[in-house]
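Student: Below is the structure I would like to discuss, written out as structure tokens.
The values are calculated or read from the model by the stated rules, or taken from the named source; none is laboratory data. Quick caveat, the model's predicted, so the values are computed rather than measured. All Cβ positions, glycine included, derive from the backbone under ideal geometry; neighbour counts span all protein chains shown.
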Amino acid sequence: MADLTSNLAGISSPNPFWLASAPPTNMGSMIERAFDAGWGGAVWKTIGEPIRNVCSRLSSIDGSSTQRMIGLNNIELISDRPTEVNLREMAQCKRKYPKHALIASLMVESNREAWHDIVKRVEDTGADGVELNFGCPHGMSERGMGSAMGQVPEYAEMVTGWVKEACSLPVIVKLTPNVTSIIAPGRAAVRGGADALSLINTINSITGVDLDTLIPNSNVNGKAAHGGYCGPAVKPIALNMVSELARDEFTQVPISGIGGIKDWRDAVEFLLLGSTNVQVCTQVMHYGYRIVEDMIDGLNNYLDEKGFASVNDIVGLSVPRVTNWSDLDLNYHTVASINHDKCIQCNLCHIACEDGAHQCIPLVQIGDKRFPVVDETECVGCNLCSLVCPVPDCITMVSLEDRGAPMTWHEFTNGDALVQATTEDHGGISNGHAITSAPVGTPSEVVHGSAS
Amino acid sequence: MKSFIPLEAVQIERNFCDVAPAFSRAQAKVEADRCLYCYDAPCTRACPTHIDVPAFIKKISSDNVVGSARVIFDANPIGATCARVCPTSALCEGACVENTLLHKPIDIGRLQRFATDYAIDSRRPMFFSGEPNGKSVAIIGAGPAGYSCAVYLKRLGYAVTIYDRRELAGGLDTYGMAEYKMTQKVSVEETNLARGIGVEFRLGTEVTPELLVQLELDNDAIFLAVGLGQTTKLGVEGENAPGVFDALQWIEQVKTREWTGIPVGRTVAVIGAGNTAVDAATQAKRLGAERVVMVYRRGEAEMPAYDYEYELAKSDAVEFRWKSAPVGIVTDANGAVRSLKCVETLPTVPDEKGRVAYGMVEGSEFEIPCDMVIKALGQSKMTAFLSGIAGLQLDGSGRVKVDEGTMATGNPKYFAGGDCVNGGREAVDAAQMGKLGAMGIHQFISGEIVEFAGARLPFVEKLPHEIELPVPTPIAHPEASAAELGVKSYAAQG
């Protein structure tokens with residue numbers, strides 16, 4: 001059994017699975033049940049000035065009839081319970097579960113004293129850390145809080161600084177993905193003194209429109225407002241943002257990965273791309289706290305199978321594998337190989353290639369069957385056929401041996417092309433690495449070129 | 001035969017409930033979502049009417065159920081019937097790629113039922129009649145071939161009248177399907193879709209030679225879909241006893257659902273082992289017969305019924321006497337059936353075609369005690385009626401000879417399809433022949449070639465080694481030169 005003990009910026013937990021600040025962490029009794037189920041930590045649903053919620057609040061999209069709620073949209077605001085009640089329960093919970101990580105998510109008005117005050121009150125509960133909610137994209141942002149902070153790097157830096165002035169606990173800053181680049185707010189939070197970053201918060205979304213009433217989801221007396229989108233559908237966006245911060249030399253603080261984690265496999269991906277631990281919400285809203293059992297078990301088995309003694313050993317292992325497009329090998333070439341013994345003749349590869357790719361999988365009569373056959377001279381190795389194929393291991397992408405020596409776009413153009421492109425296109429940042437460390441803000445302060 | 005009522009009507013109702021119950025909306029969605037949406041799909045190829053199966057299933061997935069039903073009815077006007085009675089495991093579902101991947105094909109039949117039921121229940125139009133073209137066609141027989149032909153012709157703008165001697169439309173769809181697969185209501189409601197676009201039905205009308213002469217005079221073409229005739233005679237002693245029944249006539253009585261009036265024996269011998277024989281045997285069992293014994297001259301392996309029909313019979317505890325030939329029906333002094341007298345048979349050496357005959361074994365006589373005998377020996381041909389039509393050619397077995405592309409007969413004004421042409425196959429085969437017949441008739445009358453959905457396999461691209469498909473031979477038309485013959489494609493709306 002591998003060691004699953006995790007430590008994020010000084011906050012230790014028996015495993016890397018935390019509950020994100022959300023409905024499943026609304027009160028002490030819920031979090032206690034979650035800890036009993038096996039969760040290693042929990043970020044208390046954001047505490048702040050009591051708010052009033054609307055009805056209804058949630059809407060979702062389905063993958064298929066058997067795959068419900070692959071994306072969830074929420075317009076519920078921060079905790080609607082009095083702060084003193086939350087803090088009292090937090091203290092009780094921490095006393096009862098001293099080894100578990102208990103984090104207070106905070107959001108108050110943009111005022112130094114208000115932040116100092118709430119931080120002090122949290123410290124008195126014995127909580128292990130605070131998470132600054134700079135990510136909530138609905139409702140609170142209209143009042144200058146939540147993502148309104150995360151979207152303006154200067155604000156994020158300033159408020160983080162205020163908290164750090166008063167707080168002796170580790171400070172995690174939770175970032176919003178509703179930005180052009182995650183690098184700028186990430187760096188700002190680190191400049192403000194953040195001990196760790198957590199991301200992503202939810203994405204602005206409208207999940208759909210009722211085709212009978214013509215009212216978008218979710219209906220609040222005939223009207224709807226955008227909400228925050230989460231669940232398995234957002235995982236790829238989160239993975240990218242986590243990896244961007246993990247790669248950036250100016251955001252080298254621990255990351256708590258959030259966004260669509262539904263099982264241990266997703267968690268491992270977040271860890272590999274630089275997260276020290278993960279936070280989960282939607283899957284618990286769907287199936288309950290019990291899902292953590294397989295997360296722990298699956299992670300354990302994976303680590304054992306791969307020979308890792310500790311979960312910390314895999315953190316960031318895939319980060320060096322993420323690069324800029326221009327650093328990819330132009331001469332790497334794979335072609336699709338279809339195993340006709342496994343092929344069931346659904347012809348999805350054929351039609352996908354024909355109408356969606358490069359017209360290199362004709363159907364050929366072989367004996368009494370028609371098989372898709374790859375024309376290797378035309379195949380560009382795009383993967384589409386292997387993605388649509390419903391049969392496991394039927395279509396594999398095979399690397400061609402007789403290819404040229406590795407060559408990047410930089411090498412192909414002797415470096416000229418990129419320089420030219422970025423000089424001509426003022427807004428053309430190849431990725432977040434091009435942004436200078438300080439100050440950040442107006443386009444004139446952005447320096448172009450690759451920093452990596 | 002003394003009729004006995006062994007079961008309460010309530011129990012019989014339960015016994016005759018749907019053998020494959022309708023999908024709920026949730027079930028249909030889950031099943032539809034399982035479909036891979038194959039391209040150039042094997043199910044579509046396997047369907048005799050070439051319904052675009054992935055297309056109609058995808059529409060169930062997207063909650064476009066009316067659109068789904070239109071895809072079905074576009075290629076097969078008896079889509080609701082076929083959803084229930086098609087031997088899907090031998091056709092679309094048998095070809096489904098999920099047989100190889102998950103060993104569980106998509107339940108295409110029940111999805112088709114879901115869509116077509118929805119359409120019929122919601123009374124949405126499935127067909128649209130074409131602009132009247134001033135031409136008229138008489139169709140003889142309101143079964144699947146005649147009905148299908150009528151729908152397509154009406155879509156093209158013809159005045160169409162169907163003649164049938166029975167009181168209800170639908171032919172064997174209405175009168176001959178096992179009641180636990182399909183009730184009369186389904187078939188009758190389905191045929192009402194054609195009434196909705198103006199197809200005329202003259203039911204309860206026997207087409208006499210005199211009427212036929214009149215129809216020839218009044219119409220531009222005639223489509224023969226007369227089906228088959230009486231059940232073949234057994235030719236043994238006792239065959240005319242009151243306890244001896246013709247399978248189709250007996251099933252017709254079951255279809256009335258007047259349970260107390262349907263004759264059923266305590267022990268029933270069913271002669272034959274085809275699909276109709278199974279229908280009779282299982283229904284006798286469901287009506288309360290204590291024992292049902294199917295008697296077949298050949299061996300189990302040669303049983304003509306589909307495998308799933310055989311399984312159904314077995315699960316209904318029907319017994320089988322293989323390699324047994326009936327030679328007489330023993331009756332008592334009052335004429336009531338006492339037993340079926342049989343002899344054992346033995347296979348002969350295969351002939352040059354590999355076919356094995358079964359000869360009777362001398363001295364092997366035995367009796368199966370029973371009080372009812374149902375004969376399911378296949379139907380005779382309508383030779384008397386058909387041979388009265390000038391120019392019509394019949395083959396050696398009495399089937400009407402037609403051009404396979406146009407269903408044209410030897411008499412230029414007559415086209416034919418269904419059981420009278422193929423000797424008795426599935427309803428879906430008849431529906432396809434009705435479609436091809438409508439195309440052939442239209443070509444004959446107007447010179448124009450139209451192609452309805454599923455008229456041919458939907459080859460989208462040509463392959464190097466692809467076998468060329470037969471293109472319907474253009475029929476010379478007095479008013480149109482060959483150059484004027486263009487192919488017109490008819491989409492869902494006709």
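Student: Only one of (1) at pLDDT 90 or above; (2) in contact with a Leu (Cβ under 6 Å, 6 or more places away or on another chain); (3) within 14 Å of chain B (Cβ to nearest Cβ) fails for A:ARG370. Which number is that?
Tutor: The failed condition is (1).
Student: Just give me the residues in region B:56-79 being within 13 Å of chain A (Cβ to nearest Cβ) and closer than 11 Å to B:GLY454 by Cβ, in sequence order. Spell out how you get there, then give the answer.
Tutor: Restricting attention to region B:56-79, the residues satisfying the condition of being within 13 Å of chain A (Cβ to nearest Cβ) are B:57-58, B:60-64.
Correct list: empty.
Student: Considering B:GLY359, B:GLY398, B:GLY354, B:GLY388, which residue is in the same structural domain as B:GLU451 (by TED's automatic domain parsing), loosely packed, with under 15 Cβ neighbours inside 10 Å and at pLDDT below 95?
Tutor: On the way: B:GLY359 fails: in the same structural domain as B:GLU451 (by TED's automatic domain parsing); B:GLY398 fails: loosely packed, with under 15 Cβ neighbours inside 10 Å; B:GLY354 fails: in the same structural domain as B:GLU451 (by TED's automatic domain parsing).
So the residue among B:GLY359, B:GLY398, B:GLY354, B:GLY388 that is in the same structural domain as B:GLU451 (by TED's automatic domain parsing), loosely packed, with under 15 Cβ neighbours inside 10 Å and at pLDDT below 95 is B:GLY388.
Student: Continuing with this model, one more query. What is the one condition in (1) in contact (Cβ under 8 Å) with a residue 24 or more places away in the chain; (2) assigned to a helix (DSSP H, G or I); (3) closer than 30 Å to B:ASN334 by Cβ that B:GLN253 does not satisfy?
Tutor: (1)
Student: From A:VAL163, A:VAL253, grab the single residue that is under 23 Å from A:LEU19 (Cβ atoms), over 14 Å from the mean Cα position of the chain (by Cα) and assigned to a loop (DSSP other than H, G, I, E, B).
Tutor: Numbers: A:VAL163 fails: assigned to a loop (DSSP other than H, G, I, E, B).
That would be A:VAL253, the only listed residue that is under 23 Å from A:LEU19 (Cβ atoms), over 14 Å from the mean Cα position of the chain (by Cα) and assigned to a loop (DSSP other than H, G, I, E, B).
Student: So, in region A:92-130, of the ones that are assigned to a strand (DSSP E or B) and β-branched (Val, Ile, Thr), which residue ends up surrounded by the fewest Cβ atoms within 10 Å (Cβ to Cβ)? Before you say what the answer is, go through the steps one by one.
Tutor: So the first thing to find is which residues in region A:92-130 are assigned to a strand (DSSP E or B), and the list is A:101-106, A:129-130.
Keeping just the survivors that are β-branched (Val, Ile, Thr) gives A:103, A:130.
Numbers: A:ILE103: 30, A:VAL130: 26.
It comes out as A:VAL130.
Student: Can A:TRP44 be described as among the aromatic types (Phe, Trp, Tyr), part of a loop (DSSP other than H, G, I, E, B) and touching a strand residue (DSSP E or B) at 6+ places or on another chain (Cβ under 6 Å)? Steps first, please.
Tutor: Values: among the aromatic types (Phe, Trp, Tyr): yes; part of a loop (DSSP other than H, G, I, E, B): no; touching a strand residue (DSSP E or B) at 6+ places or on another chain (Cβ under 6 Å): yes.
For A:TRP44, the condition - among the aromatic types (Phe, Trp, Tyr), part of a loop (DSSP other than H, G, I, E, B) and touching a strand residue (DSSP E or B) at 6+ places or on another chain (Cβ under 6 Å) - is not met.
Student: Right, something else. If we scan region B:194-214, do we find a residue that is more than 24 Å from B:SER380 (Cα to Cα) and more than 25 Å from the chain's Cα centre (by Cα)?
Tutor: Going through region B:194-214, the residues more than 24 Å from B:SER380 (Cα to Cα) turn out to be B:194-202, B:213-214.
If we keep only those that are more than 25 Å from the chain's Cα centre (by Cα) too, we end up with B:213-214.
Yes, region B:194-214 contains at least one residue that is more than 24 Å from B:SER380 (Cα to Cα) and more than 25 Å from the chain's Cα centre (by Cα).
Student: Separate question: Take A:ASN133 and tell me if it is surrounded by fewer than 20 Cβ atoms within 10 Å (Cβ to Cβ) and polar (S, T, N, Q).
Tutor: Numbers: surrounded by fewer than 20 Cβ atoms within 10 Å (Cβ to Cβ): no; polar (S, T, N, Q): yes.
Here the answer is no, as A:ASN133 does not meet what is asked.
Student: Report, by residue number, each residue of region B:36-51 that is within 14 Å of chain A (Cβ to nearest Cβ) and assigned to a loop (DSSP other than H, G, I, E, B).
Tutor: Step one: of region B:36-51, the residues within 14 Å of chain A (Cβ to nearest Cβ) are B:36-46.
Correct list: B:LEU36, B:TYR37, B:CYS38, B:TYR39, B:ASP40, B:ALA41.
Student: Continuing with the same structure: How many residues are out of contact with any Leu (no Cβ under 7 Å at 6 or more places or on another chain), closer than 24 Å to A:VAL280 by Cα and touching a residue at least 40 places away in the same chain (Cβ under 8 Å) when one looks only at region A:154-171?
Tutor: 2
Student: So, one more: Only one residue in B:GLY94, B:GLY109 is surrounded by fewer than 18 Cβ atoms within 10 Å (Cβ to Cβ), modelled with pLDDT of 95 or more and under 26 Å from B:TYR310 (Cβ atoms). Which one?
Tutor: Numbers: B:GLY109 fails: surrounded by fewer than 18 Cβ atoms within 10 Å (Cβ to Cβ).
Going through B:GLY94, B:GLY109 in turn, just one is surrounded by fewer than 18 Cβ atoms within 10 Å (Cβ to Cβ), modelled with pLDDT of 95 or more and under 26 Å from B:TYR310 (Cβ atoms): B:GLY94.
Student: Which of the residues belonging to region A:307-347 are away from chain B (no Cβ under 14 Å), on the phi > 0 side of the Ramachandran plot and touching a strand residue (DSSP E or B) at 6+ places or on another chain (Cβ under 9 Å)? Explain how you work it out, then say what you get.
Tutor: Step one: filter region A:307-347 for residues away from chain B (no Cβ under 14 Å), giving A:307-338.
Pick out the ones that are also on the phi > 0 side of the Ramachandran plot and you get A:307, A:316.
Across region A:307-347, the qualifying residue is only A:GLY316.
Student: Note down all Cβ pairs under 7 Å where the first residue falls in region A:104-118 and is closer than 11 Å to A:ARG143 by Cβ, the second is part of a strand (DSSP E or B) and among the β-branched types (Val, Ile, Thr), and they're at least six residues apart or on different chains.
Tutor: Within 7 Å, the pairs are A:MET107/A:THR46.
Student: Within region A:373-407, restricting attention to residues that are more than 10 Å from every other protein chain (Cβ to nearest Cβ) and of a type in the set (Val, Ile, Thr), which residue is nearest to A:ASN324 (Cα to Cα)?
Tutor: A:VAL380
Student: Only one residue in B:ALA32, B:ALA95, B:ALA75, B:ALA9 is among the small types (Gly, Ala, Ser), within 30 Å of B:CYS370 (Cβ to Cβ) and either touching a His at 6+ places or on another chain (Cβ under 8 Å) or in contact (Cβ under 8 Å) with a residue 12 or more places away in the chain (or both), so which one is that?
Tutor: Details: B:ALA32 fails: within 30 Å of B:CYS370 (Cβ to Cβ); B:ALA95 fails: within 30 Å of B:CYS370 (Cβ to Cβ); B:ALA75 fails: within 30 Å of B:CYS370 (Cβ to Cβ).
Just a single option satisfies the conditions, and that option is B:ALA9.
Student: When you scan region A:368-387, how many residues do you find that are surrounded by fewer than 19 Cβ atoms within 10 Å (Cβ to Cβ) and more than 33 Å from the chain's Cα centre (by Cα)?
Tutor: The qualifying residues number 8.
Student: Applying the selection to region B:279-328, what residues are in a loop (DSSP other than H, G, I, E, B), farther than 14 Å from B:ALA269 by Cβ and among the aliphatic types (A, V, I, L, M)?
Tutor: Correct list: B:MET303, B:ALA305, B:ALA317.
Student: Of (1) at pLDDT below 95; (2) more than 22 Å from B:ALA384 (Cβ to Cβ), B:GLU190 satisfies all except one. Which?
Tutor: (1)
Student: Among the residues of region B:211-220, is there at least one that is touching a residue at least 60 places away in the same chain (Cβ under 8 Å) and under 23 Å from B:GLY423 (Cα atoms)? Let's see the steps before the verdict.
Tutor: Filtering region B:211-220 for residues touching a residue at least 60 places away in the same chain (Cβ under 8 Å) gives B:212, B:215-216, B:218-220.
Those still in the list that are under 23 Å from B:GLY423 (Cα atoms) too: B:212.
Yes, region B:211-220 contains a residue that is touching a residue at least 60 places away in the same chain (Cβ under 8 Å) and under 23 Å from B:GLY423 (Cα atoms).
Student: For region B:82-181, list the helices (runs of 4 or more DSSP H) that sit wholly inside it and hold at least 3 residues that are more than 29 Å from A:LEU348 (Cα to Cα) and over 20 Å from the mean Cα position of the chain (by Cα); which are they?
Tutor: B:108-121, B:144-155
Student: Note down all Cβ pairs under 9 Å where the first residue falls in region B:49-71 and is on the phi < 0 side of the Ramachandran plot, the second is of a type in the set (Asp, Glu) and not in a helix (DSSP H, G or I), and they're at least six residues apart or on different chains.
Tutor: Listed by first residue and then by second, the contacts come to B:VAL71/B:ASP52.
Listed here are the residues, each with its yes/no results for (1) within 26 Å of the chain's Cα centre (by Cα); (2) not in a helix (DSSP H, G or I).
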| residue | (1), (2) |
| --- | --- |
| A:ILE261 | yes, yes |
| A:PHE270 | yes, no |
| A:ILE291 | yes, no |
| A:LEU299 | yes, no |
| A:ASP329 | no, yes |
| A:VAL335 | no, yes |
| A:HIS340 | no, yes |
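Student: Considering only residues that are hydroxyl-bearing (Ser, Thr, Tyr) and at pLDDT 90 or above, look in region A:137-155 and name the one that is farthest from A:ILE51 (Cα to Cα).
Tutor: Narrowing region A:137-155 to residues hydroxyl-bearing (Ser, Thr, Tyr): A:141, A:147, A:155.
Imposing the further condition that a residue be at pLDDT 90 or above reduces the set to A:147, A:155.
Working: A:SER147: 17, A:TYR155: 22 Å.
By that ranking, first place goes to A:TYR155.
Student: Which residues, counting only those in region A:59-78, are among the small types (Gly, Ala, Ser) and either outside any strand (DSSP E or B) or within 11 Å of chain B (Cβ to nearest Cβ) (or both)?
Tutor: If we filter region A:59-78 for residues that are among the small types (Gly, Ala, Ser), which is where we start, we get A:59-60, A:63-65, A:71.
Of everything in region A:59-78, those that are among the small types (Gly, Ala, Ser) and either outside any strand (DSSP E or B) or within 11 Å of chain B (Cβ to nearest Cβ) (or both) turn out to be A:GLY63, A:SER64, A:SER65.
Student: Additional query: Determine which member of the set B:ARG321, B:ARG298, B:ARG286 is over 25 Å from B:MET177 (Cβ atoms), among the basic types (Lys, Arg) and within 25 Å of the chain's Cα centre (by Cα).
Tutor: Every option except B:ARG298 fails the conditions.
Student: Being more than 28 Å from A:GLU378 (Cα to Cα) and among the acidic types (Asp, Glu) is the filter here, so list the residues in region A:308-356 that pass it.
Tutor: A:ASP313
Student: How many residues are over 35 Å from the mean Cα position of the chain (by Cα) and at the interface with another protein chain (Cβ under 7 Å from one of its Cβ atoms) if we restrict to region A:348-367?
Tutor: Going through region A:348-367 one residue at a time, the tally reaches 3.
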